[in-house]
């Protein structure tokens, strides 16, 4: 690894060993803990999102729910399998990163994945709001959901094109030594377009957060009213049903005795068949009612699942946004806060990767079919 590092360092560096030693010392003292944490996130997120993609894409029928989960799984898998390892590599070789093309490529992918995932969560929030709060309006079709996901990716690809220009292998001085790092190029840091680009991304993420919050507040109110109404109906029906149980038992026992006498005295094969057919019809009616109720409950669980997934995602994104706002508003206060927080601020700045890891965990908690399909998958592999 040291030979590879020496080849990466330009020939104009006079003290190669000093750069390598300084780089390693900085990594061990400041970035080793966050690197281990991000390795853990990369492994868990890659495995989880791989399961989510395979199960939902191969085992679920076409629906909005399936389309959104598959699209999120693809974005999250790219983040965990490609972007996070690059961030670890960047932390390890923060003083000898001399490849501008590699820096531009991975910074662009990082921006595209983050923006696509965030905007997609906003689209899901609007779709859930229309389904729960505006059920009689025209709803988004499965093809419409697919078009929305593709449009989100296309929007992110176009919007983040400036990152290819702004980022690269930047030269700077650290303790009197010239080093190279993958970051915004010095010529663009005070550029008005670079500031506008960062401001636009910050406004976009804040707007999506507010949209998701407002949409899910209305959805939560509707779900609460439905739950409260269902509990009241059950309470009102419980009392008369309890009083009718004894009458039902007596009538059922008398009818059974009567049917037994008739069948024994009148050759009651036909009566027995009639009773069996009536029992079958009652069972079918109960089954259809149960299926309808299951469909409603499943739709409600899917809505709650997306609410929790969005909430957990923004738990990691929110500290990053706040720190970026503080850095843009008051750089001196940001430096003071960075000195006080130490290495912990690096966790906060990269907390947005949590959203790419936790989505499959949320699916496993709220979608019983997803758990069942995963068990079936491993049982087939075992066999």
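If you scan region 34-62, which residues turn out to be more than 13 Å from residue 374 (Cα to Cα) and in contact with a helix residue (DSSP H, G or I) (Cβ under 6 Å, 6 or more places away or on another chain)? Write out each step before concluding.
So in region 34-62, the residues more than 13 Å from residue 374 (Cα to Cα) come out as 34-46, 61-62.
Residues satisfying the conditions are 34, 35, 38, 41, 42, 44, 45, 46, 62.
Looking at region 13-27, which of the residues that are out of contact with any strand residue (DSSP E or B) (no Cβ under 8 Å at 6 or more places or on another chain), surrounded by 11 or more Cβ atoms within 10 Å (Cβ to Cβ) and at pLDDT 75 or above is nearest to residue 85 (Cα to Cα)?
Step one: of region 13-27, the residues out of contact with any strand residue (DSSP E or B) (no Cβ under 8 Å at 6 or more places or on another chain) are 14, 16-17, 21, 24-27.
Of the ones still in play, those that are also surrounded by 11 or more Cβ atoms within 10 Å (Cβ to Cβ) are 16, 21, 24, 26-27.
Subsequent filtering for residues that are at pLDDT 75 or above retains 21, 24, 26-27.
Values: 21: 22, 24: 18, 26: 19, 27: 15 Å.
Taking the candidates together, the pick is 27.
Would you confirm whether or not region 119-134 contains a residue that is crowded, with 21+ Cβ neighbours inside 10 Å and over 24 Å from the mean Cα position of the chain (by Cα)?
No.
Kindly provide the set of residues from region 183-210 that are surrounded by 16 or more Cβ atoms within 10 Å (Cβ to Cβ), in a helix (DSSP H, G or I) and touching a strand residue (DSSP E or B) at 6+ places or on another chain (Cβ under 8 Å), ordered by number.
194
So residue 33 ticks every box in (1) over 30 Å from residue 128 (Cα atoms); (2) at pLDDT 90 or above but one. Which box is left unticked?
(2)
Quick check, is residue 89 out of contact with any helix residue (DSSP H, G or I) (no Cβ under 6 Å at 6 or more places or on another chain) and either modelled with pLDDT of 90 or more or under 30 Å from residue 177 (Cβ atoms) (or both)?
Numbers: out of contact with any helix residue (DSSP H, G or I) (no Cβ under 6 Å at 6 or more places or on another chain): yes; either modelled with pLDDT of 90 or more or under 30 Å from residue 177 (Cβ atoms) (or both): yes.
It is true that residue 89 is out of contact with any helix residue (DSSP H, G or I) (no Cβ under 6 Å at 6 or more places or on another chain) and either modelled with pLDDT of 90 or more or under 30 Å from residue 177 (Cβ atoms) (or both).
So, in region 145-176, of the ones that are without any contact (Cβ under 8 Å) to a residue 12 or more places away in the chain and assigned to a helix (DSSP H, G or I), which residue ends up surrounded by the fewest Cβ atoms within 10 Å (Cβ to Cβ)?
Among those residues, the one meeting the criterion is 158.
In region 109-118, is there at least one residue being surrounded by 18 or more Cβ atoms within 10 Å (Cβ to Cβ), farther than 30 Å from residue 203 by Cα and within 17 Å of the chain's Cα centre (by Cα)? Explain how you work it out, then say what you get.
At the first step, the residues of region 109-118 found to be surrounded by 18 or more Cβ atoms within 10 Å (Cβ to Cβ) are 110-118.
From what is left, the residues that are farther than 30 Å from residue 203 by Cα are none.
No, region 109-118 contains no residue that is surrounded by 18 or more Cβ atoms within 10 Å (Cβ to Cβ), farther than 30 Å from residue 203 by Cα and within 17 Å of the chain's Cα centre (by Cα).
The values are calculated or read from the model by the stated rules, or taken from the named source; none is laboratory data. Keep in mind it's a predicted model, so treat the numbers as computed, not measured. Counting neighbours? That spans all protein chains shown, and the Cβs are built from the backbone with ideal geometry, glycine included.
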